[in-house]
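This report refers to the structure that appears directly beneath it.
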Amino acid sequence: MDTPLEKYALLSDQHSAALVSEQGSIDWLCLPRFDSQAVFTAILGGEDAGHWTLEAVDGEVVDRRYVGDSFVLQTTWRTPTGQVTVTDYMPVAAPDQPTRHDLMRSVRCDAGHLVVRNVLRIRFSYGEAVPYFRNVTDGDACEILAVAGPDSLLLRGPLLEQRDDVHVGEFELTAGDELHWDLSWSPSFHEYPEVLEPVTGMEATIAAWNDWASAIDVRGPYAEQVRRSLLTLRALTDEVTGGIVAAPTTSLPEEFGGSRNWDYRYVWLRDSALTIEALLAHGFTDGANRWRHWLLRAIAGDPNKLRIMYGLGGERHLPEFELDHLPGYENSTPVRIGNGAAGQYQADVVGEVMVALHTLREAGVAEDEFSWGLQKSMLDFQEANLERRDHGIWEMRGDLHHFTHSRAMMWAAFDRGVRAVEEYGLDGPVERWRELRDRMRAEVLERGFNEQLQSFTQTYENTEVDASLLQLPQVGLLAHDDPRMLSTVARIEADLLDEHGFVHRYRTAAGTDGLPGDEYSFLICAFWLVEQYARSGRLLDACAMMDRLVGVSTDLGLLAEEYSPVYGRLAGNFPQAFSHLGLIRAADALDEVLG
């Protein structure tokens, strides 16, 4: 069995991220950006694909934790003869060094005596390229330069010996002894920055995280989980561009051994829109406005050719291909790079963005000619595609349909356009938008609701139910306690709520998604059901499900995309922004209702 996802911790410098296992192995790291090629790919290809392990010989992990509100990880090992603490972090770059990318690892012997082992196996290009090494030793210290094409890594610290294509070292420590290593990335044609002073770098990184977190406004019974979820969203955000990746990983499977494996290291408009709403709800108006700037820059290229996702810098083309040399996590193939869904038409996206930007207006952020002009262009785009079938929120790869959720979000887009004119005095063809809004609402209530089944349906063309229908009252199409929603919830419980109390997106057996295999329960859907329960008077059910969901997060408060109650394991890309956004929204709903 591969290392369970719940055993991984996230490190982030707000440019990229690493996953380090409980046993001290960094099994995933892309540099210099979240979507760059990986230099450690063991999570998808085993040790030969690259990893960096720092461990206590004959030891066991007795504790691990983040320092305060940071992503500085401290892991305590105990051996028969002593105890040691390993500290891992990616320094948050200083303003005068915004392009610096380091991974720092330190060990300190807290008591007794013991041996620590360091094994460094660098493999560029997702484990495919063994680099050229140049080793320079100076007494007990070393510099190891690894170069492959445009990329290079430089390790500076206590001496490691090269054995074939791996660098190893064992070090005897007694109480009070410390060792530090600094792994720096740079283009192979650039000079390296000076080595970081480890303690000063750690203190500055902790201070930067704590400073950002000091503005968090959160209360209620799940305040701790909301706080870490907001920090996770920050950790998945590129400091330079402001884009937030859906997850820092690719191809972690939705079914162990299956083929539903996708690259999530890109920026979905939907995720960015939901992030704006989450930040505004917790006191981050300035931060939310920064996400708006990213959204508007990405869309600005041609609003009439709107994409559902972009690269971190707003790149439009994200071609999908497969890496045949990697066996995949839990033998789940193919391993994919890029995402073919980038070219899909998903009719809900304009609505998601318009809802978020309206929330930003309500928070007091004024529109300008550029921002409002692009929103009007998005509504023009939506009107031009009014009758077009789409792939839906779940990025179906089967036939196109009129998805009820998508049509409801189109209603929401026109509704926020109308309200922008009526409530904020902005210009626009309000009579036309009002006509389209009313038409879309009438259509969804007539064609999206099946009177015989007493339920909204996944599409106008089928009788399946879909968890995305839980968003209809979230955007105001109808009330949470509307009889049509209550009967739809009953059908979701019958068809999509499994015997363990977790929610699936839809029935994969229906074949609508055009994909082979199955998938596990989808965490954000369960969080949506928590909100639905809370706002329709089922508080006991809401609290019970919320506790169940919070209970599957890792000891560090992280969530993946999915959860398998059968295996008792997280699944899908990790950590997942969508899941943390769902947690925040559900906790806020409970706090509001209970408060």
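The values are calculated or read from the model by the stated rules, or taken from the named source; none is laboratory data. This is a predicted model, so every value here is computed, not measured. We place every Cβ from the backbone using ideal geometry, glycine too, and count neighbours over all the protein chains shown. Just the protein is used for accessible areas: all its heavy atoms, side chains included, with ligands, DNA and RNA removed. Shrake-Rupley method; radii C 1.70, N 1.55, O 1.52, S 1.80 Å.
Run down S564, S579, S553 and say which single residue is within 20 Å of N261 (Cα to Cα), small (G, A, S), touching a residue at least 24 places away in the same chain (Cβ under 8 Å) and surrounded by fewer than 23 Cβ atoms within 10 Å (Cβ to Cβ).
The conditions single out S564.
The set of residues from segment 433-470 being surrounded by fewer than 23 Cβ atoms within 10 Å (Cβ to Cβ), of a type outside the set (A, V, I, L, M, F, W, C) and in contact (Cβ under 8 Å) with a residue 40 or more places away in the chain comprises R447, T457, Y460, E461, N462, E464.
Looking at segment 485-500, is at least one residue in a loop (DSSP other than H, G, I, E, B) and more than 28 Å from V552 (Cα to Cα)? No, because not a single residue in segment 485-500 is in a loop (DSSP other than H, G, I, E, B) and more than 28 Å from V552 (Cα to Cα).
Report yes if some residue within segment 380-397 is buried (at least 22 other Cβ atoms within 10 Å of the Cβ), touching a Phe, Trp or Tyr at 6+ places or on another chain (Cβ under 9 Å), among the aromatic types (F, W, Y) and touching a residue at least 40 places away in the same chain (Cβ under 8 Å); otherwise report no. Scanning segment 380-397, I find no residue that is buried (at least 22 other Cβ atoms within 10 Å of the Cβ), touching a Phe, Trp or Tyr at 6+ places or on another chain (Cβ under 9 Å), among the aromatic types (F, W, Y) and touching a residue at least 40 places away in the same chain (Cβ under 8 Å), so the answer is no. The residue list L515, L523, L478 contains one member that is open to solvent by less than 60 Å² (accessible area, probe 1.4 Å), modelled with pLDDT under 95 and among the hydrophobic types (A, V, I, L, M, F, W, C), which is L515.
When L54, L19 are screened for being modelled with pLDDT of 95 or more, open to solvent by less than 10 Å² (accessible area, probe 1.4 Å) and under 29 Å from V267 (Cα atoms), only L19 passes.
When you look at Y533, is it outside any helix (DSSP H, G or I) and of a type in the set (F, W, Y), yes or no? Spelling it out, it is not the case that Y533 is outside any helix (DSSP H, G or I) and of a type in the set (F, W, Y). Within segment 87-102, the presence of at least one residue that is charged (D, E, K, R), at pLDDT below 95 and more than 20 Å from S12 (Cβ to Cβ) is confirmed.
Here is a yes/no grid of residues against (1) open to solvent by 10 Å² or more (accessible area, probe 1.4 Å); (2) assigned to a loop (DSSP other than H, G, I, E, B); (3) not aliphatic (A, V, I, L, M):
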residue: P221; (1), (2), (3): yes, yes, yes
residue: V226; (1), (2), (3): no, no, no
residue: V240; (1), (2), (3): yes, yes, no
residue: A246; (1), (2), (3): no, yes, no
residue: E255; (1), (2), (3): yes, yes, yes
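Give segment 398-426 a look and list any residue that's out of contact with any helix residue (DSSP H, G or I) (no Cβ under 9 Å at 6 or more places or on another chain) and surrounded by 18 or more Cβ atoms within 10 Å (Cβ to Cβ), or say none. Of everything in segment 398-426, just one residue is out of contact with any helix residue (DSSP H, G or I) (no Cβ under 9 Å at 6 or more places or on another chain) and surrounded by 18 or more Cβ atoms within 10 Å (Cβ to Cβ), namely H401. The single residue among S12, S25, S36 that is over 24 Å from E255 (Cβ atoms) and touching a residue at least 40 places away in the same chain (Cβ under 8 Å) turns out to be S12.
Can you tell me how many residues within segment 114-130 are touching a strand residue (DSSP E or B) at 6+ places or on another chain (Cβ under 6 Å) and either surrounded by fewer than 21 Cβ atoms within 10 Å (Cβ to Cβ) or part of a strand (DSSP E or B) (or both)?
Number of matching residues: 9.
Search segment 344-370 for residues being out of contact with any His (no Cβ under 9 Å at 6 or more places or on another chain) and small (G, A, S), and hand back the single one that is modelled with the lowest pLDDT.
Start the filter on segment 344-370 by keeping residues that are out of contact with any His (no Cβ under 9 Å at 6 or more places or on another chain), which leaves 349-370.
Filter again for small (G, A, S), leaving 351, 356, 363-364, 366.
Numbers: G351: 97, A356: 93, A363: 92, G364: 92, A366: 89.
Per the stated criteria, the residue is A366.
A single member of R505, R484 is open to solvent by 10 Å² or more (accessible area, probe 1.4 Å), in contact with a helix residue (DSSP H, G or I) (Cβ under 7 Å, 6 or more places away or on another chain) and in contact (Cβ under 8 Å) with a residue 12 or more places away in the chain, and it is R505.
Identify all residues within segment 299-324 that are open to solvent by 10 Å² or more (accessible area, probe 1.4 Å) and either assigned to a helix (DSSP H, G or I) or in contact with a Leu (Cβ under 6 Å, 6 or more places away or on another chain) (or both); write none if there are none. Of everything in segment 299-324, those that are open to solvent by 10 Å² or more (accessible area, probe 1.4 Å) and either assigned to a helix (DSSP H, G or I) or in contact with a Leu (Cβ under 6 Å, 6 or more places away or on another chain) (or both) turn out to be A300, P303, N304, K305.
Of everything listed in (1) more than 15 Å from the chain's Cα centre (by Cα); (2) closer than 28 Å to T508 by Cβ, the single unmet condition for E224 is (2). Strands (runs of 3 or more DSSP E) fully within segment 151-210 that include at least 3 residues being of a type in the set (F, W, Y): none found.
Out of T87, T76, T81, one residue alone is among the hydroxyl-bearing types (S, T, Y) and open to solvent by 50 Å² or more (accessible area, probe 1.4 Å). It is T81. The single condition among (1) modelled with pLDDT under 95; (2) within 30 Å of L594 (Cβ to Cβ) that G201 does not satisfy is (2). Here H167 meets each of (1) of a type outside the set (F, W, Y); (2) under 28 Å from S36 (Cβ atoms); (3) open to solvent by less than 10 Å² (accessible area, probe 1.4 Å); (4) in contact (Cβ under 8 Å) with a residue 60 or more places away in the chain with one exception, condition (4).
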